[in-house]
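Visitor: Provided herewith is a single structure, encoded as structure tokens, for subsequent inquiry.
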Amino acid sequence: MTTKPSSQDLLPADLAMGTVMLKVGDMKLMTDYYQRALGLEVVAEQDAGLYLGRLGRPIVHLSPAPGLSIPGRGEAGLFHTAILFEDQASLAATIATAAQYEPRAFVGSADHLVSEAFYFTDPEGNGIELYYDRPRTQWAWEGNNVVMDSLPLPPQRYLQQHLSEEAVAGQHATAAGVGHVHLQVGDVKTAQDFYVGTLGFEKTAGWHGQALFVSAGGYHHHMAMNVWNSRGAGPRRDTLGLGEVLIEVPSGDDVGALADRLKVAGVQSHHTGLELRFEDPWRNRLRVAVR
């Protein structure tokens, strides 16, 4: 049974998700996709790769990894990186450019009650969610669980309602950032023990023992884990795909408190003072750093 963390063991309420690093086989192809399909711009060229984002805020870090293979469908790793937009027009503009770039990369859409979401796959098989949050006043809670669903959200109708030439033309001038990161794992109980019991996220939803949604500060979810493709998966091989998930916290004290919790739990980590690097039970690499 997973124990609920005490308030002093919780991650800070104003935590934010940071850059997702992807190990990339074909840098030219992937850079072209993230720029032209998703409307991102090169923010920095460093750490042996490219950081792409909006308005100077990095969203993905593409890191060249020639020679690595694409992971199998049933392996642990990335399910999707979810990019959050500030309004429906900005979201519609990126849905339109992504669908135009490669129509077959579109894999679905859903009204989740808390959000409106559209799903794509990049050229190397990494999942991408593009979404808009409904106002928090419209979210419903049942105790500590946020009410979510997957209702039909027809993309053509959405574009008819929200797409404008101005939004497409001004795509690079609108903000976006990583709203949440969804992982494939081997089992949900181990995920809850680690992400809730050790790290200090709070559980906000589950799905028939097949998925877990966790957050800080009452968000619907900053991270999620599922076993839909990967039930029973063991530690990851070194493959293309997810390299690292960055979680940003306000202060060094937050980093230090988490370092202490990891030590007590017997989780190996590398702590520099301002940041902390460690792996989850499936070797998904996480970095917690001061914002």
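Visitor: Which residue, of H172, H162, H112, is modelled with pLDDT under 95 and not aliphatic (A, V, I, L, M)?
Guide: Step by step, each of H172, H162, H112 is checked, and only H172 is modelled with pLDDT under 95 and not aliphatic (A, V, I, L, M).
Visitor: Next up: Residue check, F118 against (1) touching a strand residue (DSSP E or B) at 6+ places or on another chain (Cβ under 9 Å); (2) not in a strand (DSSP E or B), all met but one. Which one?
Guide: Just one mismatch for F118, condition (2).
Visitor: V178: in a strand (DSSP E or B), crowded, with 20+ Cβ neighbours inside 10 Å, out of contact with any His (no Cβ under 8 Å at 6 or more places or on another chain) and of a type in the set (A, V, I, L, M), yes or no?
Guide: For V178, the condition - in a strand (DSSP E or B), crowded, with 20+ Cβ neighbours inside 10 Å, out of contact with any His (no Cβ under 8 Å at 6 or more places or on another chain) and of a type in the set (A, V, I, L, M) - is met.
Visitor: Filter the strands (runs of 3 or more DSSP E) completely within the stretch 41-105 down to those with at least 2 residues that are more than 24 Å from T174 (Cα to Cα).
Guide: Answer list for the stretch 41-105: 57-64, 77-85.
Visitor: If you don't mind, there's one more thing I want to ask. Checking I128 against (1) part of a loop (DSSP other than H, G, I, E, B); (2) within 28 Å of R291 (Cα to Cα), only one condition comes out false. Which one?
Guide: (1)
Visitor: Among the small types (G, A, S), within 30 Å of E75 (Cβ to Cβ), crowded, with 20+ Cβ neighbours inside 10 Å and in contact with a Phe, Trp or Tyr (Cβ under 7 Å, 6 or more places away or on another chain) - does that describe any residue in the stretch 227-249?
Guide: No; the residues of the stretch 227-249 include none that is among the small types (G, A, S), within 30 Å of E75 (Cβ to Cβ), crowded, with 20+ Cβ neighbours inside 10 Å and in contact with a Phe, Trp or Tyr (Cβ under 7 Å, 6 or more places away or on another chain).
Visitor: Now for a different question. Tell me the residue from R73, R36, R54 that is over 15 Å from the mean Cα position of the chain (by Cα), closer than 26 Å to R134 by Cα and of a type in the set (D, E, K, R), please.
Guide: R54
Visitor: Residues that are in contact with a Gly (Cβ under 8 Å, 6 or more places away or on another chain), of a type outside the set (D, E, K, R) and modelled with pLDDT of 95 or more: list the strands (runs of 3 or more DSSP E) wholly contained in the stretch 193-291 that include at least 3 such residues.
Guide: Because the criterion is at least 3 residues that are in contact with a Gly (Cβ under 8 Å, 6 or more places away or on another chain), of a type outside the set (D, E, K, R) and modelled with pLDDT of 95 or more, the strands (runs of 3 or more DSSP E) in the stretch 193-291 that meet it are 241-249.
Visitor: Write out, first by first residue and then by second, each pair whose Cβ atoms fall under 9 Å of each other, whose residues are 6+ apart or on separate chains, and whose first residue, in the stretch 17-45, is at positive phi while the second is assigned to a loop (DSSP other than H, G, I, E, B).
Guide: G39/T174
Visitor: Name, by its number, the condition in (1) buried (at least 22 other Cβ atoms within 10 Å of the Cβ); (2) out of contact with any Ser or Thr (no Cβ under 8 Å at 6 or more places or on another chain) that does not hold for K28.
Guide: That leaves (1) as the condition not met.
Visitor: When only residues in the stretch 55-69 that are out of contact with any Ser or Thr (no Cβ under 7 Å at 6 or more places or on another chain) and in contact (Cβ under 8 Å) with a residue 60 or more places away in the chain count, which is farthest from E244 (Cα to Cα)?
Guide: This residue is L55.
The values are calculated or read from the model by the stated rules, or taken from the named source; none is laboratory data. These numbers come from a predicted model, not from an experiment. No Cβ is skipped: glycine too gets one built from the backbone with ideal geometry, and neighbour counts run over all protein chains shown.
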